[in-house]
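Novice: Before I ask anything, let me first share the structure, which is written out below as structure tokens.
The values are calculated or read from the model by the stated rules, or taken from the named source; none is laboratory data. Quick caveat, the model's predicted, so the values are computed rather than measured. Neighbour counts run over all protein chains shown; Cβ positions are idealised from the backbone, glycine included.
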């Protein structure tokens with residue numbers, strides 16, 4: 001791979017959420033601050049929305065890692081579960097021993113007892129649900145009922161919903177209007193701005209070990225923004241491909257042409273990139289390098 005060629009000790013643009021690469025752009029930092037303030041304030045429901053690829057899962061993991069002492073976190077990455085199964089998943093996260101044939105009453109009683117035990121140790125429990133737009137309405141209502149568990153001082157369970165904008169439409173359902181009213185903090189995570197994207201790329205390269213001045217030319221950054229619309233996941237995919245192309249040509253810098261080819265090969269890029277690629281000039285200029293890279 002290209003890591004040694006560019007003086008890196010790891011791949012800088014993986015799509016697996018890695019908190020060491022978390023980039024505190026104004027939007028992501030504001031979202032993280034919102035989460036921390038709400039959690040430390042004891043709010044029952046918190047909601048974070050964002051389009052596909054804007055970094056919700058990475059934000060979730062950074063949030064849980066930042067909470068620190070005084071908190072117990074539970075994480076459910078796939079909440080497309082009916083109410084009982086969702087409760088069982090929560091019990092598993094809280095390490096609650098259960099009989100195989102536990103009934104609903106015993107299950108809820110065991111969860112309540114565990115929450116009370118943790119509260120007695122002055123620990124707050126935060127449940128984070130990723131891809132929350134997939135939660136069935138009945139399961140959302142079950143979660144609302146769980147937040148009724150409280151002492152005289154505070155809620156026993158705080159819930160953070162991370163989801164795509166479809167979550168907002170689901171919460172408009174009349175049947176769960178009480179839950180929507182309990183969401184006291186919310187934030188919409190948008191894409192990176194043009195300037196943020198430049199800093200984002202430099203940040204990830206620096207974390208990966210790059211010690212030079214500028215690996216991606218300004219033209220390459222413009223191309224990444226035009227093609228991705230500032231969506232971090234698309235930026236990562238195209239930047240990785242562009243680095244491979246530059247390495248294949250033996251170059252020490254990534255240019256706009258490398259990004260153009262990477263964009264053409266990436267599903268989901270901004271449609272405006274089609275105009276940019278229509279002439280095919282940049283593609284032709286790099287064809288030899290690509291051929292060399294893929295040759296046996």
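Novice: With 218, 233, 204 as the choices, which residue is out of contact with any strand residue (DSSP E or B) (no Cβ under 7 Å at 6 or more places or on another chain), within 30 Å of residue 45 (Cβ to Cβ) and modelled with pLDDT of 95 or more? Even if it seems obvious, please write down each step before you answer.
Specialist: Numbers: 218 fails: within 30 Å of residue 45 (Cβ to Cβ); 204 fails: within 30 Å of residue 45 (Cβ to Cβ).
Only one candidate qualifies: 233.
Novice: Take the conditions surrounded by fewer than 20 Cβ atoms within 10 Å (Cβ to Cβ), under 30 Å from residue 31 (Cβ atoms) and out of contact with any strand residue (DSSP E or B) (no Cβ under 6 Å at 6 or more places or on another chain) and apply them to residue 91. Does it pass? Before the answer, list the steps.
Specialist: Working: surrounded by fewer than 20 Cβ atoms within 10 Å (Cβ to Cβ): yes; under 30 Å from residue 31 (Cβ atoms): yes; out of contact with any strand residue (DSSP E or B) (no Cβ under 6 Å at 6 or more places or on another chain): yes.
Spelling it out, residue 91 is indeed surrounded by fewer than 20 Cβ atoms within 10 Å (Cβ to Cβ), under 30 Å from residue 31 (Cβ atoms) and out of contact with any strand residue (DSSP E or B) (no Cβ under 6 Å at 6 or more places or on another chain).
Novice: Return yes when residue 100 is surrounded by fewer than 17 Cβ atoms within 10 Å (Cβ to Cβ), farther than 21 Å from residue 18 by Cα and touching a helix residue (DSSP H, G or I) at 6+ places or on another chain (Cβ under 7 Å) and no when it is not.
Specialist: On the way: surrounded by fewer than 17 Cβ atoms within 10 Å (Cβ to Cβ): yes; farther than 21 Å from residue 18 by Cα: yes; touching a helix residue (DSSP H, G or I) at 6+ places or on another chain (Cβ under 7 Å): no.
Spelling it out, it is not the case that residue 100 is surrounded by fewer than 17 Cβ atoms within 10 Å (Cβ to Cβ), farther than 21 Å from residue 18 by Cα and touching a helix residue (DSSP H, G or I) at 6+ places or on another chain (Cβ under 7 Å).
Novice: Would you be able to say whether some residue in the range 87-98 is within 30 Å of residue 200 (Cα to Cα), in a helix (DSSP H, G or I) and touching a residue at least 24 places away in the same chain (Cβ under 8 Å)?
Specialist: Restricting attention to the range 87-98, the residues satisfying the condition of being within 30 Å of residue 200 (Cα to Cα) are none.
No, the range 87-98 contains no residue that is within 30 Å of residue 200 (Cα to Cα), in a helix (DSSP H, G or I) and touching a residue at least 24 places away in the same chain (Cβ under 8 Å).
Novice: Also, quick follow-up: Check off (1) under 20 Å from residue 159 (Cα atoms); (2) surrounded by 14 or more Cβ atoms within 10 Å (Cβ to Cβ) for residue 13 and give me the number that stays unchecked.
Specialist: Here residue 13 clears every test but (1).
Novice: Here's a follow-up. Just to confirm my filter: which helices (runs of 4 or more DSSP H) fall fully inside the range 178-273 and include at least 1 residues that are within 18 Å of the chain's Cα centre (by Cα)? Before the answer, list the steps.
Specialist: Values: elements: 194-207, 218-228, 232-248, 256-264.
In the range 178-273, 194-207, 218-228, 232-248 are the helices (runs of 4 or more DSSP H) which contain 1 or more residues that are within 18 Å of the chain's Cα centre (by Cα).
Novice: I would also like to ask the following. Considering only the range 1-20, state which residues are touching a residue at least 60 places away in the same chain (Cβ under 8 Å) and farther than 22 Å from residue 245 by Cβ.
Specialist: Within the range 1-20, just 20 meets the criteria.
Novice: If you don't mind, another one. Being within 30 Å of residue 55 (Cβ to Cβ) and crowded, with 17+ Cβ neighbours inside 10 Å narrows it down to one residue among 158, 181; which is it? Spell out how you get there, then give the answer.
Specialist: Working: 181 fails: crowded, with 17+ Cβ neighbours inside 10 Å.
It is 158.
Novice: Let me ask something else. Of the conditions (1) under 17 Å from residue 82 (Cα atoms); (2) in a strand (DSSP E or B), residue 138 fails just one. Which one is it?
Specialist: Status for residue 138: all satisfied but (2).
Novice: A further question on this structure: Among the residues of the range 220-237 satisfying the criterion of being more than 21 Å from residue 50 (Cα to Cα) and without any contact (Cβ under 8 Å) to a residue 40 or more places away in the chain, which is surrounded by the most Cβ atoms within 10 Å (Cβ to Cβ)?
Specialist: Initially, the range 220-237 is screened for residues more than 21 Å from residue 50 (Cα to Cα), giving 220-223.
Still in the list and also without any contact (Cβ under 8 Å) to a residue 40 or more places away in the chain: 220-222.
Numbers: 220: 26, 221: 24, 222: 17.
Among them, the one singled out is 220.
Novice: Now a separate question. Exactly one condition in (1) assigned to a helix (DSSP H, G or I); (2) closer than 26 Å to residue 233 by Cβ; (3) modelled with pLDDT of 95 or more is not met by residue 73; state its number.
Specialist: All conditions are met except number (1).
Novice: Might you let me know whether the range 104-112 holds any residue that is assigned by TED's automatic domain parsing to the domain that holds residue 169, within 21 Å of residue 154 (Cβ to Cβ) and either in a loop (DSSP other than H, G, I, E, B) or touching a strand residue (DSSP E or B) at 6+ places or on another chain (Cβ under 9 Å) (or both)? It would help to see each step written out before you state the result.
Specialist: Kept after step one, since they are assigned by TED's automatic domain parsing to the domain that holds residue 169, are these residues of the range 104-112: 104-112.
Keeping just the survivors that are within 21 Å of residue 154 (Cβ to Cβ) gives 108-112.
Checking the rest, the ones that are also either in a loop (DSSP other than H, G, I, E, B) or touching a strand residue (DSSP E or B) at 6+ places or on another chain (Cβ under 9 Å) (or both) come to 111.
Scanning the range 104-112 turns up at least one residue that is assigned by TED's automatic domain parsing to the domain that holds residue 169, within 21 Å of residue 154 (Cβ to Cβ) and either in a loop (DSSP other than H, G, I, E, B) or touching a strand residue (DSSP E or B) at 6+ places or on another chain (Cβ under 9 Å) (or both).
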